[in-house]
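Remarks on the structure that follows.
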Amino acid sequence: MSGSSRRGFLREIAAAAARRIPDQPPRGDEPMPNPVPLLSDAELERYSRQLVLPEWNELAQLVVRDASVLVIGAGALGSPVASYLAGAGVGRLGIVDSDVVEVSNLHRQHLHFTPDLGVPKVESAAAKLRFLNPEILVETYQVRVDPTNAAGLVEGQDLVVDCSDSFATRYAVNAACCAAGIELVEGGVAGWSGLVMAVQPGRTACYRCAFPAEPVDALTCAQLGVLGPAAGVIGSLQALEALKLLTGTGTPLTGAFLNVDLATAEFVRVHATRRADCPDCAAL
Ligand SMILES: [Zn+2]
């Protein structure tokens, strides 16, 4: 069984087990979801607080351990995303960022500390993530994602979480993920507002379906400002969606995007449908 088909097999079993009502006994000759321990004692202890969730189990943990996830951007969104995915036990975590740590980053990019000033963000982030969870593999790519390298970066990944800060990068990542059939979690934050969207290429609306063109008046974080916790909320939602997509637990935020106004604490789920003329996913 290939790596990807094994992951799919495990994910289906994990999702089926998670759907079972916990206190309901198996019917007839239906097997128990977890007949044998799959994780080491150290893993059982490290992940005990998520394993105790009725929707999570050792198979879900195994799926996460087997997964390769690429986090694009090691900044305000990438910090919470990478931290939570490393903590949750994603076995192979790739971090992409071309920048070095600047003092203006530190109020919201919590993987970087003052002694890291001038250090490439990927190295600063990887050092903290390895401290957080030495059981996982952290890989670094100090490049800026663009249409020429996006396909190569996402190749072989089970999931991509886009924490970049520009429409151009998000479109390049969306196109590459759609072409390769790789699930994607998009996110963005600026000012007091943020957005999160999960994409299953060929099955649900992609980022380009929801946002066909870059807004002409799009402003950047540097222009609009942002508070650290606002980025933390959006990044945390992205990490949650990533874990849901990887394991099949919960209900993913697909076919819609979540528009978050953090000034008023209003969360609005906006329906998004696939577009027949989408350059990225219409042919899938
Ligand atoms: Zn599309």
Taking the range 129-199, which GluC sites (Glu not before Pro) meet the DSSP loop condition and have no more than 16 other C-beta atoms within 10 Å?
-> 135, 155
Diffusion coefficient in µm²/s returned for the range 47-135 by Stokes-Einstein, Kirkwood Rh over C-alpha pairs, 25 °C and 0.890 mPa s, is 180
Relative contact order of the chain (C-alpha contacts under 8 Å, at least 6 apart) in percent is 18
Give the residue from 172, 249, 122 lying farthest towards the positive end of the charge dipole for the chain; charges sit on Cβ (+1 for Lys and Arg, -1 for Asp and Glu) and the dipole is referred to the Cα centre.
-> 249
Three principal axis lengths of the range 123-282 [C-alpha, angstrom, descending] | 43, 36, 33
For the range 98-168, evaluate the Debye formula with one uniform point scatterer on each Cα (no solvent term) and list log10 I(q)/I(0) at q = 0.14, 0.18, 0.19, 0.22 Å⁻¹, rounded to two decimals.
-> -0.52, -0.84, -0.92, -1.15
Sorted largest first, the C-alpha extents of the chain along its principal axes in whole angstrom are 61, 49, 40
Report, to the nearest 10°, how far helix 167-180 tilts away from the longest principal axis of the Cα atoms in the chain, using its own Cα long axis and a range of 0 to 90°.
-> 30
Give the share of C-alpha pairs in each 10 angstrom bin for the range 200-284, from 0 to the last occupied bin, in whole percents, shortest bins first.
-> 15, 37, 38, 10
Rounded to the nearest whole number, the per residue volume of the convex hull around the C-alpha atoms of the range 157-211 in Å³ is 70
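None of the figures in this text is laboratory data; all of them are computed from the coordinates on show. Keep in mind that this is a model prediction, so the values were computed, not measured. Positions of Cβ are backbone-derived with ideal geometry, glycine not excepted, and every protein chain shown enters the neighbour counts.
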